[in-house]
Amino acid sequence: MKFFIDTADLAQIKEANDLGILDGVTTNPSLMAKVGIKGDEAVTNHYRTIAELVDGDVSAEVVSTTFNEIVEEGKKLHAIHPNIVVKVPMIKDGIKALKWFSDNGIKTNCTLVFSAGQAILAAKAGANYVSPFIGRIDDSNWDGVELIAQIAQIYSVQGYETEILAASIRSPLHIVKCAEAGADVVTSPLEPILGLLKHPLTDIGLAKFLADAKSFK
Ligand code: G3P
């Protein structure tokens with residue numbers, strides 16, 4: 001399973017990248033707004049900076065909702081850097097645009113996916129990634145990880161090549177459960193990634209090893 005970081009915060013991207021386990025980055029308009037990016041030029045520069053920092057796919061989301069506008073905006077995003085993946089919302093014109101991008105060799109990530117039916121449509125349209133938002137599904141009293149397992153089963157039976165990119169990750173356990181359920185990629189904020197490191201027995205064991213090591217130094 002690939003690890004992407006779900007943020008537009010450069011310090012956090014660098015920290016995850018320094019671990020040596022980062023395969024890519026996902027952003028969205030809310031994450032861009034959170035780090036104070038304003039205006040077309042600033043947005044373009046920020047995506048370029050991220051793409052130059054990380055050796056992997058960087059999802060940049062369109063903010064258009066009609067076919068022609070999504071295609072025009074996606075072409076501009078794609079032109080920023082070869083690693084930019086155009087993130088397209090799961091709407092009717094989004095599906096048409098995903099097909100257009102697929103036919104024209106531009107990589108895509110279909111976002112705001114909350115059901116298996118939507119995931120089937122994204123795969124049929126040729127999306128490279130499909131992003132089910134598992135934390136938001138949990139928030140609405142459904143089981144987000146179950147959806148990952150269902151999509152993984154459908155894609156395997158049908159031979160769809162679209163990669164399942166589990167998004168809206170809220171905890172280290174989400175990451176583990178997504179790996180178990182068959183996600184190809186997990187995109188997570190930094191904290192749940194670092195949370196995977198933690199176990200009290202590791203800390204206790206290390207403290208004992210280091211204390212004992214002093215006896216033979
Ligand atoms: O990138 C989209 C997704 O990961 C959003 O997560 O926490 O806002 O539901 P969240």
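Could you list, in sequence order, the residues of region 104-137 that are basic (Lys, Arg) and near the ligand (Cβ under 10 Å from one of its atoms)?
So the first thing to find is which residues in region 104-137 are basic (Lys, Arg), and the list is 107, 124, 136.
Answer for region 104-137, where residues must be basic (Lys, Arg) and near the ligand (Cβ under 10 Å from one of its atoms): just Arg136.
Can you say whether Ile204 is crowded, with 21+ Cβ neighbours inside 10 Å and either of a type outside the set (Gly, Ala, Ser) or under 14 Å from Met1 (Cα atoms) (or both), as far as the supplied structure shows? It is false that Ile204 is crowded, with 21+ Cβ neighbours inside 10 Å and either of a type outside the set (Gly, Ala, Ser) or under 14 Å from Met1 (Cα atoms) (or both).
If you take the residues of region 158-177 that are open to solvent by less than 90 Å² (accessible area, probe 1.4 Å) and over 18 Å from Ala123 (Cβ atoms), which of them is nearest to the ligand (Cβ to nearest atom)? Break it down into steps so the answer makes sense when it comes.
To start, the set of residues in region 158-177 that are open to solvent by less than 90 Å² (accessible area, probe 1.4 Å) comprises 159-160, 162-169, 171-172, 174-177.
Still in the list and also over 18 Å from Ala123 (Cβ atoms): 168-169, 171-172, 174-177.
Details: Ser168: 3, Ile169: 7, Ser171: 11, Pro172: 15, His174: 10, Ile175: 12, Val176: 17, Lys177: 15 Å.
Taking the candidates together, the pick is Ser168.
Summed over region 115-147, the residues that are of a type in the set (A, V, I, L, M) and open to solvent by 50 Å² or more (accessible area, probe 1.4 Å) give a count of 2.
The values are calculated or read from the model by the stated rules, or taken from the named source; none is laboratory data. These numbers come from a predicted model, not from an experiment. All Cβ positions, glycine included, derive from the backbone under ideal geometry; neighbour counts span all protein chains shown. Areas reflect the complete protein model, heavy atoms only, side chains present, ligands, DNA and RNA absent. Shrake-Rupley method; radii C 1.70, N 1.55, O 1.52, S 1.80 Å.
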